[in-house]
Amino acid sequence: MAMEMRLPVARKPLSERLGRDTKKHLVVPGDTITTDTGFMRGHGTYMGEEKLIASVAGSVERVNKLICVKALKTRYIGEVGDIVVGRITEVQQKRWKVETNSRLDSVLLLSSMNLPGGELRRRSAEDELAMRGFLQEGDLISAEVQAVFSDGAVSLHTRSLKYGKLGQGVLVQVSPSLVKRQKTHFHDLPCGASVILGNNGFIWIYPTPEHKEEEAGGFMANLEPVSLADREVISRLRNCIVSLVTQRMMLYDTSILYCYEASLPHQIKDILKPEIMEEIVMETRQRLLEQEG
């Protein structure tokens, strides 16, 4: 039986891996950001001795006179309109509790979802009794943030046919700070798979359906066997996303597709080897720079 042994190597400094254009003003808690009193204090900062000081580790972002620190690793902080992927953790009275990588459990109300078939009417006691038939503990769903409460808890809704229960696929959990905000977070990639890039750091990879289930209202999960070719594409995409996250690159449809194309010469299991991971991410970064420049 063939066995592969790997020895530890010295880690390269971050400055060598980052391009000249990607360097950011990084701070750790206690670092002085500025002594200019004309700036406004934003998230991740506090005033001390007439200096603006960082309270979290991350990159400094400035919008006009407002300075905030975006944490490199953080829990999801919800914003209205965000697309999230979550897992049902509890069925309660007229609501479901959903795990969305936030500090508190999110809430999906029975009144905030489409009934099967897209029927529009008031929710009755029969609907409340059938809640576990719609969604039960352990189900994965895609939803949109409807409201954010004062304590930071998030209220969700699935009042669109593109949201609802998720079928067969792979869930990848990353830091929410690495998911780039875009107009759409549902992408059908040309390689034969689709991804949902949740703003909360949950990424769902699944085979692209041949036809959309419009009459199901988002409750019919497709449980047919997935072909070997589709499983290989999904596995390759999953390893590519892990590689991009390891190298701290932003995740969006173009970066994932470029990384997928750069990984094609390698076997799926070899993508996670450190030297191959660095090679394909470097090629991805170069293509993105060429596209922007």
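The values are calculated or read from the model by the stated rules, or taken from the named source; none is laboratory data. None of these values were measured; they are calculated from a predicted model. Because the Cβ atoms are built from the backbone with ideal geometry, glycine has one as well, and the counts that use them run over all protein chains shown. Calculation scope for accessible area: heavy atoms of the full protein, side chains included, ligands and nucleic acids excluded. Shrake-Rupley method; radii C 1.70, N 1.55, O 1.52, S 1.80 Å.
Figure note: Val154, Val226, Val63 ranked by solvent-accessible area, largest first, 1.4 Å probe, ligands and nucleic acids not counted: Val63, Val226, Val154. Could you compute the FRET efficiency for Ala130 and Leu264, with r as their C-beta to C-beta distance and R0 at 41 Å, rounded to 0.05? Computed FRET efficiency for Ala130 and Leu264: 0.30. Among the listed pairs Lys65/Lys165; Lys73/Lys273; Lys165/Lys273; Lys73/Lys183; Lys65/Lys183; Lys65/Lys162, those whose Cα-Cα separation exceeds 31 Å are Lys65/Lys165; Lys165/Lys273; Lys65/Lys162. Along the Cα-to-Cβ line of Asp36, 7 Å from the Cα, sits a label point; which residues in segment 49-63 have backbone N less than 12 Å from it? What the label zone holds, given the 12 Å backbone N cut-off, is 62-63.
When the residues Leu104, Leu110 are ordered by accessible surface, computed with a 1.4 Å probe over the protein chains alone, the sequence from largest down reads Leu104, Leu110. Potential lengthening of the chain between Leu26 and His43 amounts to 4.6 nm, from the contour at 0.36 nm per residue minus the alpha-carbon distance.
Cross-link partners for Lys97 among the aspartates and glutamates, with Cα-Cα distance under 15 Å and sequence neighbours closer than 8 places in the same chain left out: Asp105, Glu128, Glu137, Asp139, Glu144.
When nucleic acids and ligands are ignored and a 1.4 Å probe is applied, Lys269 ends up with an accessible area of around 150 Å². Solvent exposure of the chain, expressed per residue, is 58 Å² of accessible area, with all protein chains present and a 1.4 angstrom probe. For the chain, the dipole from Cβ point charges (+1 on Lys and Arg, -1 on Asp and Glu) about the Cα centre works out to 760 debye, to the nearest 20. Remark: segment 202-210, residue by residue, has Karplus-estimated 3J(HN,Hα) of 9, 10, 10, 10, 8, x, 5, x, 6 Hz, where x stands for each Gly or Pro and the curve is 6.51 cos²θ - 1.76 cosθ + 1.60 at θ = phi - 60°. A DSSP coil position with no more than 12 other Cβ atoms inside 10 Å describes the following chymotrypsin sites (Phe, Trp or Tyr not before Pro) in segment 136-186: Phe149. Taking the centroid of alpha carbons for each part, segment 248-293 and segment 147-175 are 27 Å apart.
Note on segment 24-71: semi-axes of the ellipsoid equivalent to its C-alpha gyration tensor, largest first and rounded to whole Å, are 14, 12, 8.
For segment 153-164, the Karplus equation 6.51 cos²θ - 1.76 cosθ + 1.60, evaluated at θ = phi - 60°, returns couplings of 5, 10, 9, 10, 9, 10, 7, 8, 6, 7, 9, x Hz by residue, with Gly and Pro reported as x. Our Cα-only numbers for the chain put the radius of gyration and Dmax at 21.8, 67 Å. Within a straight-line Cα-Cα reach of under 12 Å, Lys269 can be paired with the following aspartates and glutamates, leaving aside sequence neighbours fewer than 8 residues apart in one chain: Glu232. Rolling a 1.4 angstrom probe over the chain with all protein chains present gives an accessible area of which 51% lies on carbon and sulfur atoms.
Largest mean-square fluctuation among Asp31, Asp253, Asp230, in a Gaussian network model of the chain whose springs join Cα atoms under 10 Å apart, belongs to Asp31.
Which one, Gly198, Gly169, Gly30, has the greatest fluctuation when you compute a Gaussian network model over the chain with C-alpha springs under 10 angstrom? Looking only at Gly198, Gly169, Gly30, the biggest GNM fluctuation is shown by Gly30. Only the Cβ atoms of Lys and Arg (+1) and of Asp and Glu (-1) were treated as charged; on that basis the dipole of segment 24-71 about its Cα centre amounts to roughly 200 debye. What the phi angles of segment 264-273 give under the Karplus curve with 6.51, -1.76 and 1.60, with θ = phi - 60°, is a coupling list of 4, x, 9, 6, 4, 6, 7, 4, 7, 5 Hz, glycine and proline written as x.
Between Val179, Val107, Val80, the Gaussian network model of the chain with springs among Cα atoms under 10 angstrom shows the greatest mean-square fluctuation at Val80.
A cysteine counts as unpartnered when no other cysteine's C-beta lies under 4.7 Å of its own; in the chain this applies to Cys68, Cys191. Its DSSP H runs of at least 4 residues, each contributing -39,500 (n - 2.57), put the calculated 222 nm mean residue ellipticity of the chain at -6500 deg cm²/dmol, to the nearest 500. For the chain, the share of DSSP beta bridges that are antiparallel, to the nearest 5, is 85%.
Across the options Gln247, Gln267, His187, the greatest Cα extent toward the positive end of the charge dipole of the chain (unit charges at beta carbon of Lys, Arg, Asp, Glu) belongs to Gln247. The label-point distance for Glu50 and Ala147, in a model that sets each label 7 Å from Cα toward Cβ, rounds to 4.5 nm. Here segment 46-115 is treated with +1 on each Lys and Arg Cβ and -1 on each Asp and Glu Cβ, and its dipole about the Cα centre works out to around 80 debye. Ranking of His43, His25, His185 by solvent-accessible surface, largest first: His43, His25, His185 (1.4 Å probe, protein heavy atoms only, all chains present).
Projected label points at Ala10 and Asp188, each 7 Å from Cα along the beta carbon direction, are separated by 5.1 nanometres.
Each of Glu292 and Ser59 was given a label point 7 Å from its Cα along the Cα-to-Cβ line. The distance between the two points is 0.8 nm.
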